[in-house]
Amino acid sequence: MFETEAGDKVFVVDGHVHLWDAREANRRNRYGLTFIESFWNGHEGMTPEAERWPFERFLHYGPERARKDLFEDGYCDYAILLPTYLEEFYVEGFNTTEQCAALRDLCGEKAILNGRMDPREGERGLDRLRADHARFGFKGVKIYTAEWYGESKGYSLKEDRVGRYMEACRELGISIIHIHKGPTIHPLNMDAFDVRDVDHVATAFPDLTFVVDHCGMPRVDDFCWIASQEPNVLGGLALIPSFIHARPRYFAQMLADLLFFVGPDRLIFGSDYAITSPKWIIEHFMDFDFDEATAREAGTALTLDVKRKILGLNAARLYDLDVPPDCRISDPGLDRAAE
Ligand SMILES: [Zn+2]
């Protein structure tokens, strides 16, 4: 929880965190190194100097460090773990559900553990999803359309096999589908991250909620138009707020577009920990304001209520989390999205 100087409390959910292992012993090939180096470039490029990590820690930080950075120093009341397997690059996987479970074991339900699925795995993948769900009990799963799988260098959400997996989620009661649609990472293909297949699946499964992580960056305007036509599509901001220090005008422009087209009720904060950490981002964001022209473009000022929704209340509603009464927004008439 964050508290302002005036004593206003802000409930915080980090909607996008990882617990990864990119140490040399876990790398299967050179891509295990180039992938984490791409993340590292993001870390160095966006993080204020005083908050930067040594590369060694970035390779592997472990659950105790994550607990401290998220829940002790990082203001988080909850954090949502999003696994990324990358089994073609890492021996035990990069950031699997199994690996992420270590944070839940340490922190309990504050660490929300999501599953992962890849429709190219056919029956075997469905069995794996069912077994993981029986073991961990997911509210959400993550899909990563640019992942390599044998000869395949990615897939589209328009493919028929995707529908079978969505039906399986529906049967299992998993109603939140996180989709990474954002910046490309070496050696993955940029076009496999293209956001322009999300409307297809969102229209076909109106009872599922699709959180588009990274809001389709750099195609934020494509995402805006898709989300404005699909009420079950939400914006997972991860990496967008991370630009607040290095590129504040770029950040303001993206956020203004998102607020205008998608609105303050369907945007979810994320740090993409450990690419960046929630502490400094939240401190910068709470101090941040649009100038008058940008607020006009956004259709709203960055009020305390708008910040509260983005930082925690929208994710709390999606994941059905209890919010203490003193963290709720001051105008209850505004609290109505994603019901
Ligand atoms: Zn991520």
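A few points about this structure:
- In the range 1-46, of all residues being in contact with a His (Cβ under 6 Å, 6 or more places away or on another chain) and within 26 Å of residue 72 (Cα to Cα), the one that is farthest from the ligand (Cβ to nearest atom) corresponds to 23.
- Checked against the criterion of being closer than 25 Å to residue 20 by Cβ and touching a Lys or Arg at 6+ places or on another chain (Cβ under 9 Å), the candidates 227, 274, 238, 246 yield just one match: 274.
To keep it simple, each residue is scored yes or no on (1) within 16 Å of the ligand (Cβ to nearest atom); (2) in contact (Cβ under 8 Å) with a residue 40 or more places away in the chain; (3) among the hydrophobic types (A, V, I, L, M, F, W, C).
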site: 162; (1), (2), (3): no, yes, yes
site: 168; (1), (2), (3): no, yes, yes
site: 184; (1), (2), (3): yes, no, no
site: 188; (1), (2), (3): yes, yes, yes
site: 191; (1), (2), (3): no, no, no
site: 194; (1), (2), (3): no, no, no
site: 199; (1), (2), (3): no, no, no
site: 217; (1), (2), (3): yes, no, yes
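- Pair list, Cβ < 8 Å and 6+ apart or interchain, from the range 270-298 residues that are among the basic types (Lys, Arg) to residues that are away from the ligand (no atom under 16 Å from the Cβ): 279/51; 279/73; 279/75
- Looking across the range 221-263, the residues that are out of contact with any strand residue (DSSP E or B) (no Cβ under 9 Å at 6 or more places or on another chain) and under 24 Å from residue 203 (Cβ atoms) come down to 221, 222, 225, 228, 229, 231, 257, 260, 261, 263.
- Search result, residues across the range 182-225 that are in contact with a Leu (Cβ under 6 Å, 6 or more places away or on another chain) and among the β-branched types (Val, Ile, Thr): 201, 211
- Complete set of residues in the range 228-273 that are among the hydroxyl-bearing types (Ser, Thr, Tyr) and either at pLDDT below 95 or more than 16 Å from the ligand (Cβ to nearest atom) (or both): 228, 250
- Filtered residues of the range 283-312 (kept if closer than 20 Å to residue 5 by Cα, among the aliphatic types (A, V, I, L, M) and under 23 Å from the mean Cα position of the chain (by Cα)): 286, 302, 304, 306, 310, 311
- Taking the listed residues 184, 203, the one that is closer than 17 Å to residue 275 by Cα, over 14 Å from the mean Cα position of the chain (by Cα) and surrounded by fewer than 19 Cβ atoms within 10 Å (Cβ to Cβ) is 184, with no other qualifying.
- Residues in the range 213-236 that are touching a His at 6+ places or on another chain (Cβ under 8 Å) and of a type outside the set (D, E, K, R) were compared, and the one that is surrounded by the fewest Cβ atoms within 10 Å (Cβ to Cβ) is 214.
- Failed condition for residue 71, given (1) within 16 Å of the ligand (Cβ to nearest atom); (2) more than 18 Å from residue 146 (Cα to Cα): (1)
The values are calculated or read from the model by the stated rules, or taken from the named source; none is laboratory data. From a predicted model like this one, the values you see are computed outputs, not experimental measurements. Positions of Cβ are generated from backbone atoms using ideal geometry, with glycine treated the same way; all protein chains shown enter the neighbour counts.
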